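Shown next, in structure tokens, is the structure this report addresses.
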Amino acid sequence: MKTQTIRDVASLARQRRSEKGWSQARLAQAVGVGREWIIDFEKGKSTIEWGLVIRTLKELDLQINLSPALPVRPSREATDLSSILDRTTRRRP
């Protein structure tokens, strides 16, 4: 599923927690945080600590996969070494 915000991640985590039949307290215990932290995370609090988010997702058997939003195009300033070598070797007799 494509997620764009911490709220999207939090919503997926909350859904997964419910699917597992876990309470917020059970998840908090597994992660090693207080229930209040789980509540803040599930609300999509923007200042949440990423290390704990990753640990929480791991406990829920979820993972994060990152990919570029748009294809990366080489910049115009990029040097094409193959072209330079081809031109250099062609100039020599």
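Bear in mind that the values in this text are calculations on the coordinates, not laboratory data. For clarity, every value in this text was computed on a predicted model and none was experimentally measured. All Cβ positions, glycine included, derive from the backbone under ideal geometry; neighbour counts span all protein chains shown.
Placing unit charges on each Cβ (+1 for Lys and Arg, -1 for Asp and Glu) gives the chain a dipole about its Cα centre, and among V9, T89, S23 the Cα reaching farthest toward its positive end belongs to T89.
Listed by Cβ neighbour count within 10 Å, with the fewest neighbours leading, W22, W50 appear as W50, W22.
Net charge dipole, the chain: roughly 380 debye, given to the nearest 20, about the Cα centre with Cβ charges of +1 for Lys and Arg and -1 for Asp and Glu. Helical runs assigned H by DSSP (4 residues or longer) give the chain a calculated mean residue ellipticity at 222 nm of -16500 deg cm²/dmol, each run adding -39500 (n - 2.57) before division by the residue total.
Extension gain, I54-Q15: 0.36 nm per intervening residue step, less the Cα-Cα distance, totals 12.4 nm.
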